[in-house]
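First comes the structure, then the notes that go with it.
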Amino acid sequence: MSDEATTLYRPVGQVEFDLIRAGKSREFPPRLPEQPIFYPVLTEDYATGIARDWNTKDERSGFTGYVLRFHVRTEFLQQYDVHIVGSSDHREFWIPAADLAHLNENIAGKIEVISEFHKAG
């Protein structure tokens, strides 16, 4: 397997962030039944917009948004298509929840927090 890695980003709320920390920042937690897709995004700007503008207004996210950066072996990602959601800047992978354990096995290094946002006021 190649050592080449692709940098991805993931906006998360407080609960998912706490589960990632509990996993020593090396893996993403299993998806909930109502979450059949894991969608890492390709740009920091896109992840920041979700964390700042959506997670901070969402009670289920604890009114908190984190932007995470992580690296995944490129060879693993080649089996998935990049999807454009809305604007051409909104690019993400759609990885089935059933494949999340395999994605976790292909993370190179730790999942890093690069920014966080909290509800104003």
Subject >> Matching residues in region 96-121 - criterion: being closer than 20 Å to ARG52 by Cα and open to solvent by less than 40 Å² (accessible area, probe 1.4 Å) >> reply: ILE111, SER115
**OP:** Name every residue in region 1-21 that is within 16 Å of ALA101 (Cβ to Cβ) and surrounded by fewer than 16 Cβ atoms within 10 Å (Cβ to Cβ), in order of residue number.
**Re:** LEU19
**OP:** Consider only pairs whose beta carbons are under 6 Å apart and that are at least six residues apart or on different chains; among these, list those whose first residue lies in region 24-35 and is within 21 Å of ARG73 (Cα to Cα) and whose second residue is part of a loop (DSSP other than H, G, I, E, B) and open to solvent by less than 50 Å² (accessible area, probe 1.4 Å).
**Re:** SER25/ILE111
Original post:
If we only count strands (runs of 3 or more DSSP E) wholly inside region 24-121, which ones have 3 or more residues that are touching a helix residue (DSSP H, G or I) at 6+ places or on another chain (Cβ under 8 Å), within 16 Å of VAL12 (Cα to Cα) and not charged (D, E, K, R)?
Top reply: 64-73, 112-118
**OP:** For SER88, state whether it is open to solvent by less than 50 Å² (accessible area, probe 1.4 Å) and out of contact with any His (no Cβ under 9 Å at 6 or more places or on another chain).
**Re:** no
**OP:** Among what's in region 33-56 and is open to solvent by less than 80 Å² (accessible area, probe 1.4 Å) and out of contact with any strand residue (DSSP E or B) (no Cβ under 6 Å at 6 or more places or on another chain), pick the residue that is modelled with the lowest pLDDT.
**Re:** GLN35
Subject >> Selected residue (only one of PHE93, PHE76, PHE63, PHE70 is open to solvent by 50 Å² or more (accessible area, probe 1.4 Å), at pLDDT 95 or above and among the aromatic types (Phe, Trp, Tyr)) >> reply: PHE63
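The values are calculated or read from the model by the stated rules, or taken from the named source; none is laboratory data. Being a predicted model, the structure only gives us computed values, none of them experimental. Positions of Cβ are backbone-derived with ideal geometry, glycine not excepted, and every protein chain shown enters the neighbour counts. The accessibility values were calculated without ligands, DNA or RNA, using every heavy atom of the protein model including side chains. Shrake-Rupley method; radii C 1.70, N 1.55, O 1.52, S 1.80 Å.
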